[in-house]
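Remarks on the structure that follows.
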Amino acid sequence: MAASLSGSPLAADRPLAWVTGAGGLIGSYVVRLAPQQAPHWRVRGWTRDALDLTDYGAVTEAFCRQRPALIVHCAALSQSPACQADPRRAHTLNVSVVEHLAQLAVEVPLVLLSSDLVFDGQKGHYLETDPVGPLSVYGETKVLAEQCVLANPRHLVVRTSLNGGASPKGDRGFNEELRLAWQAGRTLKLFTDEFRSPMFAGVTARALWELVKGRAVGLFHVGGSERLSRWQMGQLVAARWPQLAPRLEPASRRDYRGAPRPPDTSLDCAKAQLRLSFRLPGLTRWLAEHPDEPF
């Protein structure tokens, strides 16, 4: 699937929006929801197979030929262990690609999807004005990408937290990672003392489109309104899949021996909430209200 176009006979008269990372979780929802949330845009969703964003010549040629009036950049190397294992690749995909897109989009809006992992997790309930302090290579690359994008006053950075939902390949959402582990018969140990602001990716996509429609620029936090531990998230997802007989055990960050992990990167989203037409839900409430949504 090289592209998705929100179609109508008059689609060619509408401005074109590029969405990168359309094969990922949030990017796929951004494209999927465009006909309802952004009907005034023609939306082209780029997958990695359709356009290699590290092929700067090909990206430049496509940009000059198609002249998008908006770029929503969701593509990234987003799995923190992969970034830790290969910092050079992480920098290329998460920073250099963004720098090139920002150079192309000097005169048009560019939206960067960023992460709560730019913080060290010592505070929680982070505001946009709080200083960053990433503990991981992934977080470091996101800080650099944010700085590049925010240098242009036309541009927008949206930080989000863990997102769940149904991705095209079935393995990008945190809920999908849990489900795949249970399908393989694994018992998961989940931290009771590590907190995030989890969100359904479709809600993130809707908020993103509303911020674009409202011509928001600068930095915004968009996450779930409920601060949850990894253990609590696992219990919510397990309740959704009793047929898998999910096995999970409580654990503590104190016993973890891997790369540093921030204890609490929950987000304060009051600034974005003022710009949105709907309330950002907590994950518990959202799951209860959408029992038939894939999660």
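Taken together, the values in this text are just the output of simple stated rules run on the coordinates, not laboratory data. Owing to the predicted nature of the structure, the values given are computational and were not obtained by experimental measurement. Counting neighbours? That spans all protein chains shown, and the Cβs are built from the backbone with ideal geometry, glycine included.
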Quiz item: Using 0.36 nm per residue, how much length does the chain from Asp193 to Gln103 gain when fully extended, once their Cα-Cα distance is taken away?
Solution: 28.3 nm
Self-check item: Sorted peptide list for 160-167, 105-112, 49-56, criterion being average Cβ within 10 angstrom, highest first
Solution: 160-167, 105-112, 49-56
Quiz prompt | Residue exposure sequence - Glu99, Glu176 - by fewest surrounding Cβ within 10 Å | solution = Glu99, Glu176
Quiz item: Calculated FRET efficiency, Glu128 and Gln36, Cβ-Cβ r, R0 25 Å, to nearest 0.05?
Solution: 0.35
Quiz item: Long-range amide H contacts for Arg247: which residues qualify at under 5 Å (H placed 1.01 Å from N, peptide plane, sequence gap of 5 or more or a different chain)?
Solution: Leu188
Quiz item: Which of Lys142/Lys271; Lys169/Lys271; Lys213/Lys271 have a Cα-Cα distance over 25 Å?
Solution: Lys169/Lys271
Quiz item: Taking the mean number of other Cβ atoms within 10 Å as a proxy for protection, how do you rank 248-258, 263-273, 125-135, 183-193 from highest to lowest?
Solution: 263-273, 125-135, 183-193, 248-258
